[in-house]
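Reviewing the structure listed below.
The values are calculated or read from the model by the stated rules, or taken from the named source; none is laboratory data. As the structure is a prediction and not an experimental result, all values here were calculated from the model. Methodologically, a virtual Cβ is constructed for each residue, glycine included, from the backbone with ideal geometry; neighbour enumeration extends over all protein chains shown.
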Amino acid sequence: MTMDGPPLENGAVVVAGDRFADVGKFPEIAKNHPGEEIVDLGDQALLPGLINGHCHLDYTCLRGKIRRQESFTGWIRAINTEKAKLSPDDYVRSIKDGFAEAKRFGTTTIANLTAFPELVSRIKSPIRTWWFAELIDVRDLSRSDEFVDRAVDFLKPQEHWGLAPHSPFTASQNLYRRCEEIARRDNIPLTTHLAESREEVLMFREETGELYDFLKQIGRNMSDCGGRMPIRRMIESDRSYLLVHVNEVSDEDLRLLKTSATRNSVVHCPRSHDYFGHPPFQFHKLSEVGFNICLGTDSLASNDDLSLFAEVRAFRKEFPAASPDEVLKMVTQNPARALKQGDVLGKIRRDFFADLIAIPAAASKSVLEEILSFEGTVEWSMLAGQIST
């Protein structure tokens, strides 16, 4: 399943170094590359490694520790309570455990947000990782530039990195501005949570609600509430973002978002979305205005595991009319494009990175259906040309 054309029965790929050197039917490939070592996987579906568009591996250790709350703000209070119990060593173990779990479920590339960029140098990722520094200045607006610049110093040694102003209700416009300056200077990606909950809408639009009261209580400057929604502010930026969640959008919001759709992507996390009981995700409307839609797992503070196959199955329950090919693109091609890697990741194509997974394929039904309904862990994978079993 190359994601670059129809499925190839009895297909084969040639790997040279960390890239694909050739792709096609096995007889033709064997003829064109005589004498090469052959790895026969048997009756398996071979497809590009999966790409997780949004995750917080910091919180892998919080699996099952936060019961469902009556409100989004209640969940914020609950996770803050749990985070207060964790040490830097706890976070390092949590992130390492998260990487191992994501890899077992077939993820070869991940967009991971971390609130602790100073810990990244202690972690060797077993998969291709974009490290995003999650940034919040809600308690101290005077240090916005300092927070961003400090995070950049920690992440710059990494091969892939970006910045994540957390959300409009926790990150100031100055923090967004500074992140965009760095993105422009260093050509890095940006991501942010946007329009995640009804409480966020009430806060900005009506100056009311539980989130408004909570943030006012902890000292947030609320002068940006009671007027324009954050969506209006986001479309005024000239930078590309991975916009995470986008659960609360009106028809007016969609009209505004249309002007920025071609440069931005949206990451939907189906099981986390269900955990919070958010209103139906506007998949069809966001697709119609031109957004590149990706899937992510979010964190284990609001999910059961880090399986993108489980996210795919949950998404298909939400949107049974979505074509199988379209859904598979949301964990391969689309997130590669969102990370500005559409020319090297997300497909099995010559000169792309050799990131692969294989899952059993009995050929009793459509191979796409077999892939999308797959449950369990992935027993064979390859990252940058290196086999991992």
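Within the stretch 6-32, can you find the residues that are touching a Phe, Trp or Tyr at 6+ places or on another chain (Cβ under 7 Å) and not in a strand (DSSP E or B)?
10, 18
I'm trying to understand the selection: among the residues of the stretch 53-78, which are of a type in the set (D, E, K, R) and part of a loop (DSSP other than H, G, I, E, B)?
63, 65, 67, 68, 70
Rundown of residues vs (1) aromatic (Phe, Trp, Tyr); (2) under 25 Å from residue 376 (Cβ atoms); (3) assigned by TED's automatic domain parsing to the domain that holds residue 215, yes/no style:
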residue	(1), (2), (3)
59	yes, yes, yes
63	no, yes, yes
75	yes, no, yes
80	no, no, yes
89	no, no, yes
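Restricting the search to the stretch 125-156, which residues are in contact with a strand residue (DSSP E or B) (Cβ under 8 Å, 6 or more places away or on another chain) and either of a type in the set (Asp, Glu) or outside the structural domain of residue 101 (by TED's automatic domain parsing) (or both)?
Across the stretch 125-156, the qualifying residue is only 134.
I'm told residue 34 meets every condition in (1) in the same structural domain as residue 369 (by TED's automatic domain parsing); (2) under 30 Å from residue 366 (Cα atoms) except one. Can you identify the failing condition by its number?
All conditions are met except number (2).
Considering only residues that are closer than 15 Å to residue 19 by Cβ, surrounded by fewer than 22 Cβ atoms within 10 Å (Cβ to Cβ) and either without any contact (Cβ under 8 Å) to a residue 40 or more places away in the chain or in contact with a helix residue (DSSP H, G or I) (Cβ under 9 Å, 6 or more places away or on another chain) (or both), which ones fall in the stretch 328-351? Show your work before the answer.
First, the residues of the stretch 328-351 that are closer than 15 Å to residue 19 by Cβ: 336, 341, 343-351.
From what's left, surrounded by fewer than 22 Cβ atoms within 10 Å (Cβ to Cβ): 341, 343-344, 349-351.
Those that are closer than 15 Å to residue 19 by Cβ, surrounded by fewer than 22 Cβ atoms within 10 Å (Cβ to Cβ) and either without any contact (Cβ under 8 Å) to a residue 40 or more places away in the chain or in contact with a helix residue (DSSP H, G or I) (Cβ under 9 Å, 6 or more places away or on another chain) (or both): 341, 343, 344.
Looking at the stretch 268-290, is at least one residue within 15 Å of the chain's Cα centre (by Cα) and charged (D, E, K, R)?
Applying the first criterion (within 15 Å of the chain's Cα centre (by Cα)) to the stretch 268-290 yields 268-273.
Checking the rest, the ones that are also charged (D, E, K, R) come to 271.
Checking the stretch 268-290: at least one residue is within 15 Å of the chain's Cα centre (by Cα) and charged (D, E, K, R).
Just give me the residues in the stretch 249-290 being within 19 Å of residue 190 (Cβ to Cβ) and of a type in the set (A, V, I, L, M, F, W, C), in sequence order. Give the steps one after another, and end with the answer.
The initial filter retains those residues of the stretch 249-290 that are within 19 Å of residue 190 (Cβ to Cβ), namely 256-257, 259-269, 286, 290.
256, 257, 261, 266, 267, 269, 286, listed by residue number.
Could you pull out the residue among 78, 115, 111, 84 that is aliphatic (A, V, I, L, M) and within 30 Å of residue 371 (Cβ to Cβ)? So that I can check it myself, show each step before the final result.
On the way: 78 fails: within 30 Å of residue 371 (Cβ to Cβ); 115 fails: within 30 Å of residue 371 (Cβ to Cβ); 84 fails: within 30 Å of residue 371 (Cβ to Cβ).
Of the residues listed, the single one that is aliphatic (A, V, I, L, M) and within 30 Å of residue 371 (Cβ to Cβ) is 111.
Suppose we filter the stretch 203-231 for residues that are of a type outside the set (A, V, I, L, M), farther than 30 Å from residue 341 by Cα and not in a loop (DSSP other than H, G, I, E, B); how many remain? Walk me through how you get there before you give the answer.
So in the stretch 203-231, the residues of a type outside the set (A, V, I, L, M) come out as 204-210, 212-214, 216-217, 219-221, 223-228, 230.
Within this subset, residues satisfying the condition of being farther than 30 Å from residue 341 by Cα are 204-210, 212-214, 216-217, 219-221, 223-228.
From the residues that got through so far, the ones that are not in a loop (DSSP other than H, G, I, E, B) too are 204-206, 210, 212-214, 216-217.
Qualifying residue count, the stretch 203-231: 9.
Does the stretch 207-228 contain at least one residue that is buried (at least 19 other Cβ atoms within 10 Å of the Cβ) and among the polar types (S, T, N, Q)?
no
Failed condition for residue 5, given (1) more than 30 Å from residue 303 (Cα to Cα); (2) assigned by TED's automatic domain parsing to the domain that holds residue 310; (3) among the small types (Gly, Ala, Ser), with all others met?
Evaluating residue 5 over (1) more than 30 Å from residue 303 (Cα to Cα); (2) assigned by TED's automatic domain parsing to the domain that holds residue 310; (3) among the small types (Gly, Ala, Ser) leaves (2) as the failure.
Here's a check for you: in the stretch 149-202, which residue that is among the aliphatic types (A, V, I, L, M) and either in contact with a Lys or Arg (Cβ under 9 Å, 6 or more places away or on another chain) or not in a helix (DSSP H, G or I) (or both) is surrounded by the fewest Cβ atoms within 10 Å (Cβ to Cβ)?
Checking each candidate, the answer is 183.
Residue under question is residue 96, and the condition is that it be surrounded by 14 or more Cβ atoms within 10 Å (Cβ to Cβ) and either under 28 Å from residue 200 (Cα atoms) or assigned by TED's automatic domain parsing to the domain that holds residue 204 (or both); does it hold? Explain how you work it out, then say what you get.
Working: surrounded by 14 or more Cβ atoms within 10 Å (Cβ to Cβ): yes; either under 28 Å from residue 200 (Cα atoms) or assigned by TED's automatic domain parsing to the domain that holds residue 204 (or both): yes.
Spelling it out, residue 96 is indeed surrounded by 14 or more Cβ atoms within 10 Å (Cβ to Cβ) and either under 28 Å from residue 200 (Cα atoms) or assigned by TED's automatic domain parsing to the domain that holds residue 204 (or both).
Could you tell me which of the residues 47, 41 is aliphatic (A, V, I, L, M), touching a residue at least 40 places away in the same chain (Cβ under 8 Å) and assigned to a strand (DSSP E or B)? Give the steps one after another, and end with the answer.
Working: 41 fails: assigned to a strand (DSSP E or B).
47 is the lone residue from the list that is aliphatic (A, V, I, L, M), touching a residue at least 40 places away in the same chain (Cβ under 8 Å) and assigned to a strand (DSSP E or B).
Is at least one residue of the stretch 95-105 aliphatic (A, V, I, L, M) and in a strand (DSSP E or B)? Break it down into steps so the answer makes sense when it comes.
Taking the stretch 95-105 and keeping what is aliphatic (A, V, I, L, M), we get 95, 100, 102.
Then keep just the ones that are in a strand (DSSP E or B); that gives none.
No, that holds for no residue.
Test each condition in (1) farther than 18 Å from residue 75 by Cα; (2) free of Cβ contacts under 8 Å to residues at least 24 places away in the same chain; (3) of a type outside the set (Asp, Glu) for residue 202 and report the one that comes out false.
(1) is the only condition that residue 202 fails.
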